[in-house]
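**Student:** There's a structure below that I have some questions on.
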Amino acid sequence: MDTLAFTDDLGRVCVVPARPQRIISLCPSITETLVALGAPVVGRTRFCIHPAPEVRSITRVGGTKEIHFDRIEALHPDLIICEKEENTPEMVSRLSAAYPVVVFDVRSVDGAIGMIAVLGRLTALPEAASLAARIRETWTALIPRHPAPRTAYLIWREPWMGAGQDTYIGDVLRRSGYTNVLETLPGRYPVVTPDQLRALAPELVLLSSEPFPFGAAHMEEVQAWLPDADIRLVDGEVFSWYGVRMLEAAACLTALASGKTAPLMDDEGEL
């Protein structure tokens with residue numbers, strides 16, 4: 001079997017097949033992109049739900065933090081793709097002892113576009129290069145919102161957490177014309193208290209649909225802390241899924257910047 005040596009985003013030198021035929025992807029965004037490119041994906045996590053219905057025929061091997069190693073063994077993968085933020089170091093270490101494993105670490109729009117190009121080289125799929133070029137063109141044409149509202153993007157409750165510095169979500173916010181007030185706090189996903197939010201004085205608070213499923217009751221809770229702020233539910237896939245989904249996301253964000261609310265949801269959580 002022909003192989004190639006590849007250095008992943010963790011600086012690990014990985015020897016992988018030149019043309020992998022049995023790929024397991026443990027990151028939803030990457031799974032969606034691989035399937036869209038026509039890659040031979042045989043395993044996925046239960047959170048890899050796009051594109052439907054294509055992924056339904058792909059074997060589920062667990063979640064992003066806990067997997068069934070026996071299911072992976074039964075699939076005989078020749079390449080496993082992980083993501084630093086999605087998958088645990090212990091998982092990567094154990095898998096790497098038995099299989100070729102490549103780990104990505106996507107923290108920006110440019111990083112996500114680069115990841116797509118690398119996927120093309122890893123899987124010998126030339127279509128990836130054209131997809132990366134289309135996404136770059138679309139995001140270059142994105143007109144940011146102006147003036148930029150002071151914004152807090154929250155992803156979790158108990159404790160309350162949001163997207164801060166050096167994150168893909170933070171870069172999407174910046175490129176789309178939002179001033180991310182949580183970037184002033186330490187950490188990539190800082191825990192934030194009601195008092196801290198009041199001190200940061202966001203004009204807009206976006207409550208993501210994932211990983212925590214915020215709803216109308218949570219809007220009321222945050223509104224009580226910030227009576228003058230605009231509190232909205234937001235489709236987390238628009239702001240946090242990278243890869244092929246970025247084509248759709250750019251269109252949604254452009255619509256939002258022009259005064260429409262394409263990526264935002266109403267009080268009942270519907271688009």
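The values are calculated or read from the model by the stated rules, or taken from the named source; none is laboratory data. Here the structure is a predicted model, which means the values were calculated and not measured. Glycine also receives a Cβ, built like all others from the backbone with ideal geometry; neighbour counts cover every protein chain displayed. What goes into the accessible areas is simple: the full protein's heavy atoms, side chains included, and nothing from ligands, DNA or RNA. Shrake-Rupley method; radii C 1.70, N 1.55, O 1.52, S 1.80 Å.
**Student:** What fraction of the DSSP beta bridges in the range 1-95 is antiparallel, stated in percent and rounded to the nearest 5?
**Tutor:** Taking every DSSP beta bridge within the range 1-95, about 45 percent pair in antiparallel fashion.
**Student:** While we're on this one: Looking at the range 32-115, which chymotrypsin sites (Phe, Trp or Tyr not before Pro) are DSSP coil and have at most 16 other C-beta atoms within 10 Å of their C-beta?
**Tutor:** Of the chymotrypsin sites (Phe, Trp or Tyr not before Pro), not one in the loops of the range 32-115 has a Cβ with at most 16 other Cβ atoms within 10 Å.
**Student:** 222 nm [θ] for the chain, helices only, -39500 (n - 2.57) per DSSP H run of 4+, per residue, to 500?
**Tutor:** So the calculated ellipticity at 222 nm is -10500 deg cm²/dmol.
**Student:** Considering the dipole of the chain built from charges on the beta carbon (Lys and Arg +1, Asp and Glu -1) around the Cα centre, which of Ala52, Ile155, Leu204 is farthest to its positive end?
**Tutor:** Comparing the listed Cα positions along the dipole, Ala52 ranks first.
**Student:** Quick one: if the Förster radius is 41 Å, what FRET efficiency do Ser130 and Ala201 give, using the C-beta to C-beta distance and rounding to 0.05?
**Tutor:** Efficiency for this residue pair is about 0.40.
**Student:** Which percent of the accessible area of the range 76-184 is formed by carbon and sulfur heavy atoms (probe 1.4 angstrom)?
**Tutor:** Of the solvent-accessible surface of the range 76-184, carbon and sulfur hold 54 percent.
**Student:** A follow-up question, please. Could you tell me what percent of the DSSP beta bridges with both partners in the chain are antiparallel, to the nearest 5?
**Tutor:** In the chain, DSSP labels about 35 percent of beta bridges as antiparallel.
**Student:** Let me spell out the model: positive unit charges on the Cβ of Lys and Arg, negative unit charges on the Cβ of Asp and Glu, origin at the Cα centre of the range 82-196. What dipole size does that give, in debye rounded to 20?
**Tutor:** 280
**Student:** Let me ask you something else. How many angstrom lie between the Cα centre of the range 26-71 and the Cα centre of the range 177-225?
**Tutor:** 30
**Student:** Using amide H atoms built in the peptide plane, which far-off residues or other-chain residues are under 5 Å from Gly177 H to H?
**Tutor:** Result for Gly177 returns Arg145.
**Student:** Could the peptides 93-100, 33-40 be put in order, highest first, of the mean number of other beta-carbon atoms found within 10 Å of their residues?
**Tutor:** 33-40, 93-100
**Student:** For the range 1-134, max minus min Cα coordinate along each principal axis, in Å, sorted largest first?
**Tutor:** Result, largest extent first: 38, 34, 31 Å.
**Student:** A further question on this structure: Sequence-distant or interchain residues sharing an amide H contact under 5 Å with Leu4, placed H: which?
**Tutor:** Val16, Ala18
**Student:** Separate question: Once label points are set 7 Å from the Cα along Cα→Cβ at both Asp2 and Ala148, what is their separation, rounded to one decimal in nm?
**Tutor:** It is 4.6 nm.
**Student:** Pull out a ≥ b ≥ c, the square roots of the eigenvalues of the alpha-carbon gyration tensor of the range 72-133, then state rounded if a/c is under 1.5, prolate if not and a/b is larger than b/c, and oblate in the remaining case.
**Tutor:** oblate
**Student:** Could you list the GluC sites (Glu not before Pro) in the range 21-70 that lie in coil according to DSSP, counting only those with at most 14 other Cβ atoms within 10 Å of their Cβ?
**Tutor:** Filter output for the range 21-70: Glu66.
**Student:** Classify the range 154-237 from the C-alpha gyration tensor, please: rounded if a/c falls under 1.5, else prolate or oblate depending on whether a/b exceeds b/c.
**Tutor:** Rounded, since a/c falls under 1.5.
**Student:** Which percent, to the nearest 5, of DSSP beta bridges fully inside the range 66-206 are antiparallel?
**Tutor:** 25
**Student:** If you don't mind, there's one more thing I want to ask. Name all residues of the range 71-95 having a backbone nitrogen under 15 Å from the label point set 7 Å from the Cα of Arg12 along its Cα→Cβ direction, giving them as ranges.
**Tutor:** Answer for this model: 78-95.
**Student:** Still on this model: Express the accessible area of the chain per residue in Å², computed with a 1.4 Å probe while the remaining protein chains stay in the model.
**Tutor:** Ligands and nucleic acids excluded, the figure is 46 Å² per residue.
**Student:** Moving on. Report, by chain and number, residues whose modeled amide H sits under 5 Å from the one on Ile155, excluding near sequence neighbours (fewer than 5 apart, same chain).
**Tutor:** Excluding prolines and chain starts, which carry no amide H, the hits are Met161, Gly162, Ala163.
**Student:** With θ set to phi - 60° and the Karplus curve 6.51 cos²θ - 1.76 cosθ + 1.60, what are the ³J(HN,Hα) couplings of the range 190-201 in order, to the nearest whole Hz, using x for Gly and Pro?
**Tutor:** Ordered by residue, 3J(HN,Hα) equals x, 6, 10, 9, x, 5, 5, 4, 4, 5, 6, 6 Hz.
**Student:** Thinking of the chain as a set of Cα atoms, what percent of all their pairs are more than 33 Å apart?
**Tutor:** Within the chain, distances greater than 33 Å cover 24 percent of Cα pairs.
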